């Protein structure tokens, strides 16, 4: 019985201390991040900012178009300066993902 209990506790500790791999930092309760995606032509500044977003509910349903194409179309951007990605999540119950394109 003691071996089973020890094995169970060890397994629980291993499961709790190993996380899933993620491309960005994740907060268990709350996440609010802005991360760089890519850099385009930086020889000139930017005058327009296009935003596209999608949402996730309960990590079960995800809707929206947060593509670079949609973000560019939202502010008629033809030349990309740089792109950022934003995420905000509350306990995984409600999450918003944004692609932000800066350009001309």
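The values are calculated or read from the model by the stated rules, or taken from the named source; none is laboratory data. These numbers come from a predicted model, not from an experiment. Cβ placement follows ideal geometry from the backbone for every residue including glycine, while neighbour counts extend to all protein chains displayed.
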- Message: With the requirement that a residue be in a strand (DSSP E or B), surrounded by 16 or more Cβ atoms within 10 Å (Cβ to Cβ) and either modelled with pLDDT of 95 or more or within 16 Å of the chain's Cα centre (by Cα) (or both), what does segment 58-84 give you?
- Response: 83, 84
- Message: Against the conditions (1) modelled with pLDDT of 95 or more; (2) over 14 Å from the mean Cα position of the chain (by Cα), where does residue 99 fall short? Just the number, please.
- Response: (2)
- Item | Residues (outside any strand (DSSP E or B) and surrounded by 11 or more Cβ atoms within 10 Å (Cβ to Cβ)) located in segment 29-52 | 40, 41, 46, 47
- Which of the residues belonging to segment 47-57 are under 24 Å from residue 27 (Cα atoms) and either more than 12 Å from the chain's Cα centre (by Cα) or touching a residue at least 60 places away in the same chain (Cβ under 8 Å) (or both)? 51, 52, 57
- Item | Options 87, 26: the member that is part of a loop (DSSP other than H, G, I, E, B), surrounded by 11 or more Cβ atoms within 10 Å (Cβ to Cβ), out of contact with any helix residue (DSSP H, G or I) (no Cβ under 7 Å at 6 or more places or on another chain) and on the phi < 0 side of the Ramachandran plot | 26
- Query: If we scan segment 7-19, do we find a residue that is in a strand (DSSP E or B) and either modelled with pLDDT under 90 or under 18 Å from the mean Cα position of the chain (by Cα) (or both)?
  - Reply: no
- Note on the structure: The lone condition residue 92 fails out of (1) under 14 Å from the mean Cα position of the chain (by Cα); (2) surrounded by 11 or more Cβ atoms within 10 Å (Cβ to Cβ); (3) assigned to a strand (DSSP E or B) is (3)
